[in-house]
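The values are calculated or read from the model by the stated rules, or taken from the named source; none is laboratory data. Every value quoted in this text rests on a predicted model; they were computed, and no experiment measured them. Neighbour counts run over all protein chains shown; Cβ positions are idealised from the backbone, glycine included.
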Amino acid sequence: MIEHAGVAKASLYNVFGSKEGLVCAYLASRHDRTTSRLAEAIATAAEPREKILAVFDAQARQFGQPDFNGCAFVAASTEAPAGGLIERAAGEFRRWIRTMFTDLAELAGAADAVSLGRQLHLLYDGAGLAARMDREPEDARAARCAVQTLLDAAVPHPTQGQSGSPSRPG
């Protein structure tokens, strides 16, 4: 990162106070970009189930970028001291992601939105890790397919009536 900035390490640390401050500034920028990208994707979908799938579609587009290196929060957290600013920044980002999924699950009508939100978050994290480690484009499709299966089990489909069986025209 320092080489990319084209300035001396001491200059960066003077501006940000420490390496931890510099990493936190970077994570804040990543948080803002990611939340904006996901909010835009969600806004493009009309149906609640499609909003959830739109998150995974946006994630899949990130996987296809040549400079995709996985989750910055995971990478930064691996070397960060416990209880420090980096760990807090990562925790805030993860809470945002989990809350987003829980809110979308509730909007979609999930009986247990908290549980579904957690499951979606795990799929989101797992897909990101697999994309970073394996570099397989198929991983994004597999994650989306798993999300669709999960949604089919946890969320009433728009064509189902109150009883959960397909509604029939009268």
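Based on this model, can you work out whether Arg37 counts as part of a helix (DSSP H, G or I), modelled with pLDDT of 60 or more, surrounded by fewer than 12 Cβ atoms within 10 Å (Cβ to Cβ) and of a type in the set (D, E, K, R)? So Arg37 does not fit the description; no. Within the stretch 44-59, the residues that satisfy the criterion of being in a helix (DSSP H, G or I) and among the aliphatic types (A, V, I, L, M) are Ile52, Leu53, Ala54, Val55, Ala58.
Among the residues of the stretch 60-69, some residue qualifies, meaning at least one is hydrophobic (A, V, I, L, M, F, W, C), modelled with pLDDT under 95 and not in a helix (DSSP H, G or I). The single residue among Ala80, Ala72, Ala76 that is more than 24 Å from Cys145 (Cβ to Cβ), at pLDDT below 95 and within 13 Å of the chain's Cα centre (by Cα) turns out to be Ala72. Kindly check whether there is at least one residue in the stretch 114-129 that is modelled with pLDDT under 95 and not in a helix (DSSP H, G or I). Within the stretch 114-129 (the criterion being modelled with pLDDT under 95 and not in a helix (DSSP H, G or I)), the answer is no, since none of the residues qualifies.
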